[in-house]
1. Go through (1) part of a helix (DSSP H, G or I); (2) modelled with pLDDT of 90 or more; (3) surrounded by fewer than 18 Cβ atoms within 10 Å (Cβ to Cβ) one by one and return the number of the condition residue 34 breaks.
2. Residue check: is residue 21 over 18 Å from residue 6 (Cβ atoms), touching a helix residue (DSSP H, G or I) at 6+ places or on another chain (Cβ under 7 Å), part of a helix (DSSP H, G or I) and touching a residue at least 40 places away in the same chain (Cβ under 8 Å)?
3. Output the number of the condition that residue 104 fails; it satisfies all remaining conditions of (1) part of a helix (DSSP H, G or I); (2) modelled with pLDDT under 90; (3) exposed (fewer than 15 other Cβ atoms within 10 Å of the Cβ).
4. Scan segment 7-16 residue by residue and report those that are surrounded by 15 or more Cβ atoms within 10 Å (Cβ to Cβ) and touching a residue at least 60 places away in the same chain (Cβ under 8 Å).
5. Scan segment 43-82 for residues that are of a type in the set (Val, Ile, Thr) and touching a Phe, Trp or Tyr at 6+ places or on another chain (Cβ under 8 Å) and jot them down.
6. Do you know which of the residues in segment 50-70 that are of a type in the set (Asp, Glu) and surrounded by fewer than 13 Cβ atoms within 10 Å (Cβ to Cβ) is modelled with the lowest pLDDT?
7. Of these, 42, 90, 33, which one is touching a Lys or Arg at 6+ places or on another chain (Cβ under 9 Å) and free of Cβ contacts under 8 Å to residues at least 60 places away in the same chain?
Amino acid sequence: MAKKAFFMMRLNDHIQYLKKIDGRLKGDGDFKGATHQDCKLGQWLYSEEAMQDMSTLENAKAKQVFDKLLELHENFHVQGQKALEKKQLGDEASAQILFTELHKLSAILTNQLLELDGMT
């Protein structure tokens, strides 16, 4: 099973990704984002390792939490890409609205990661 520190590292990866989007929306750098499968968290979520980790948990709720995490994570990346696209088009207001939504998704996603961490 995944070590507890693993979930904290993935949580940190997620926060760093959010900071990169924030920086880009503020005009810093040229961060273009990544798909939900290409970021560090996504690389684990869609790996054989994750499936094995989840299969070792006998808690039926773990599968529900994991499945919700997959959905939230994909939506997080979709919204992040939309925010970056709006910024590139010069639509600052829409980019900021989407970034606010991104923070809401991030909070839920963070809670899901912490819940999974508590099940290990």
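The values are calculated or read from the model by the stated rules, or taken from the named source; none is laboratory data. Note that the structure is a prediction, hence the values are computed from the model and not measured. Every residue, glycine as well, gets a Cβ built from its backbone with ideal geometry; the counts of neighbours run over all protein chains shown.
1. Going through (1) part of a helix (DSSP H, G or I); (2) modelled with pLDDT of 90 or more; (3) surrounded by fewer than 18 Cβ atoms within 10 Å (Cβ to Cβ) one by one, residue 34 breaks only (1).
2. Details: over 18 Å from residue 6 (Cβ atoms): yes; touching a helix residue (DSSP H, G or I) at 6+ places or on another chain (Cβ under 7 Å): yes; part of a helix (DSSP H, G or I): yes; touching a residue at least 40 places away in the same chain (Cβ under 8 Å): yes.
Yes: the conditions hold for residue 21.
3. Residue 104 satisfies all of (1) part of a helix (DSSP H, G or I); (2) modelled with pLDDT under 90; (3) exposed (fewer than 15 other Cβ atoms within 10 Å of the Cβ) except (2).
4. 7, 10, 11, 14
5. Our first condition is that a residue be of a type in the set (Val, Ile, Thr); within segment 43-82, this holds for 56, 65, 78.
Residues satisfying the conditions do not exist here.
6. 58
7. Details: 42 fails: touching a Lys or Arg at 6+ places or on another chain (Cβ under 9 Å); 90 fails: touching a Lys or Arg at 6+ places or on another chain (Cβ under 9 Å).
The match here is 33.
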